[in-house]
Amino acid sequence: MSTSRIVVTGIGATSPIGGTAPESWSALLDGASGARSLEHDWVEKYSLPVTFAAEALVRPETVLARPVAKRLDPSSQLALVAAMEAWADAGEPDVEPERLGVDFATGIGGVWTLLDAWDTLREKGPRRVLPMTVPMLMPNAAAGNLSLHFNARAFARTVASACASSTESIVNAVQHLRDGLADVVIAGGTESAIHPITIASFASMQALSKRNDDPAHASRPGSIDRDGFVMGEGAGVLILEREEYAKARGAKIYGEVLGGGVTADSYHITANDPEGLGAARAVTLALASADVSPDDVTHINAHATSTPVGDPNEYTALRSVFGERIADIPVSATKASTGHLLGGTGALEAIFTILALRDRVAPPTINITTPDPDVPFRITGETQALGDGQQVAISNSFGFGGHNAVVAFASV
């Protein structure tokens with residue numbers, strides 16, 4: 001295995017608060033909210049108990065050529081939009097196809113394609129079901145289409161670990177680069193699952209906020225009156241390279257990916273381990289992989305979905321790793337602004353973490369009305385300065401099925 005340092009040379013994002021990575025970052029720093037009332041006839045048709053979500057601010061079909069968009073599920077459309085931005089941002093690396101890989105993720109996949117096809121079958125019969133239905137709905141569609149678009153032949157791998165998916169894909173990408181399987185990897189994740197069935201299902205399990213009269217203030221991680229998460233939509237993409245390869249081609253470098261940790265709770269299919277054992281172990285593994293200590297960490301992008309149970313469990317896990325020092329580490333809970341992008345959330349938050357290190361500022365966490373004493377993070381509605389010198393940050397993602405993934409970054 002190579003001991004190469006792994007660096008980030010390109011970023012791309014399409015999110016509920018911006019159509020690009022810079023736009024999303026700027027809106028995040030400004031305290032924007034991407035949560036809005038849903039203007040679809042199916043909201044009233046199905047009498048949905050939750051009538052808002054954080055949809056992508058810029059619709060991907062308005063960015064892509066129409067023939068391309070028609071052959072892709074919305075989740076793959078978002079992935080391609082973000083990847084095209086990241087690739088251009090990285091200077092379009094001139095890399096041999098056999099040395100270019102794709103590590104990508106989704107939590108749910110092509111739910112819109114699947115359920116639209118089911119409606120077509122029931123209403124119009126099997127002859128009207130599109131021949132591209134399966135290639136559009138399959139969970140690996142985004143990875144496969146990115147491989148085709150960028151001529152990536154080293155590998156095109158997919159992770160589906162619920163809300164930990166794209167963080168796990170970034171961890172995998174680092175490992176694949178260090179194993180010498182590629183020189184450049186397109187890593188990240190996507191999700192477009194704001195659909196009547198998912199909203200109804202999450203609402204049925206009491207996971208979603210029901211602040212229909214005030215969507216912009218519905219996601220409030222760390223606040224004592226939080227009542228659930230807000231569904232989000234979008235994609236995030238990072239171009240990762242071995243440092244020597246990036247420097248040889250004169251690429252700009254945003255930061256370094258130090259390492260990552262992946263674990264499983266084996267506790268409950270939807271609930272976190274209340275003692276945070278699996279999450280804490282993922283953090284510990286990430287720091288060990290990064291060859292840094294808890295004392296080196298200067299910023300945390302928390303998973304913090306705004307659920308009554310999940311936020312305290314994450315605090316318990318982090319306190320077990322950082323001890324009393326957790327009170328001194330600037331924490332950001334960016335889902336307050338973007339909602340929860342499920343399988344795409346880890347990649348978007350990785351981008352936010354990298355930019356926080358670059359700009360030496362922890363982004364604000366909006367909507368904290370009354371801080372919860374059971375979640376006493378150093379978290380605030382204002383930006384927090386990160387100071388001078390080397391900065392090290394972690395970004396956390398935890399998902400249904402007991403999946404835990406944590407990635408560590410450093411400034412350059």
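Computed quantities for the displayed model
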{"quantity": "The listed residue being in contact with a strand residue (DSSP E or B) (Cβ under 6 Å, 6 or more places away or on another chain) and at pLDDT 95 or above, out of 72, 78, 64, 48", "calculated": "78"}
{"quantity": "Search result, residues across segment 368-386 that are assigned to a strand (DSSP E or B) and polar (S, T, N, Q)", "calculated": "384"}
{"quantity": "Hits in segment 235-283 (condition: among the hydrophobic types (A, V, I, L, M, F, W, C), surrounded by fewer than 21 Cβ atoms within 10 Å (Cβ to Cβ) and in contact with a helix residue (DSSP H, G or I) (Cβ under 8 Å, 6 or more places away or on another chain))", "calculated": "253, 264, 277"}
{"quantity": "Hey, residue 239 hydrophobic (A, V, I, L, M, F, W, C) and outside the structural domain of residue 175 (by TED's automatic domain parsing) or not", "calculated": "no"}
{"quantity": "Hits in segment 46-80 (condition: part of a helix (DSSP H, G or I), surrounded by fewer than 18 Cβ atoms within 10 Å (Cβ to Cβ) and touching a residue at least 12 places away in the same chain (Cβ under 8 Å))", "calculated": "61, 68"}
{"quantity": "Meets criteria (in contact with a Pro (Cβ under 8 Å, 6 or more places away or on another chain), in contact (Cβ under 8 Å) with a residue 24 or more places away in the chain and buried (at least 21 other Cβ atoms within 10 Å of the Cβ)) for residue 394", "calculated": "no"}
{"quantity": "Test result for residue 28, in contact with a His (Cβ under 7 Å, 6 or more places away or on another chain), surrounded by 24 or more Cβ atoms within 10 Å (Cβ to Cβ) and not charged (D, E, K, R)", "calculated": "no"}
{"quantity": "Answer from 348, 386, 341 - the residue that is within 24 Å of residue 293 (Cβ to Cβ) and in contact with a helix residue (DSSP H, G or I) (Cβ under 9 Å, 6 or more places away or on another chain)", "calculated": "386"}
{"quantity": "Residue in segment 30-37 that is in the same structural domain as residue 151 (by TED's automatic domain parsing), touching a residue at least 12 places away in the same chain (Cβ under 8 Å) and either among the β-branched types (Val, Ile, Thr) or part of a strand (DSSP E or B) (or both) present", "calculated": "yes"}
{"quantity": "Segment 109-133: number of residues that are in a helix (DSSP H, G or I) and more than 21 Å from residue 344 (Cα to Cα)", "calculated": "13"}
{"quantity": "Single residue of segment 263-290 satisfying the filter (under 20 Å from the mean Cα position of the chain (by Cα) and polar (S, T, N, Q)) that is modelled with the highest pLDDT", "calculated": "263"}
{"quantity": "Qualifying positions in segment 118-170 - farther than 12 Å from residue 189 by Cα, touching a residue at least 12 places away in the same chain (Cβ under 8 Å) and aliphatic (A, V, I, L, M)", "calculated": "129, 130, 132, 136, 137, 138, 152, 154, 156"}
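The values are calculated or read from the model by the stated rules, or taken from the named source; none is laboratory data. Quantities reported herein were computed from a predicted structural model and do not represent experimental measurements. Cβ sites come from the backbone with ideal geometry, for glycine too, and all protein chains shown count toward neighbours.
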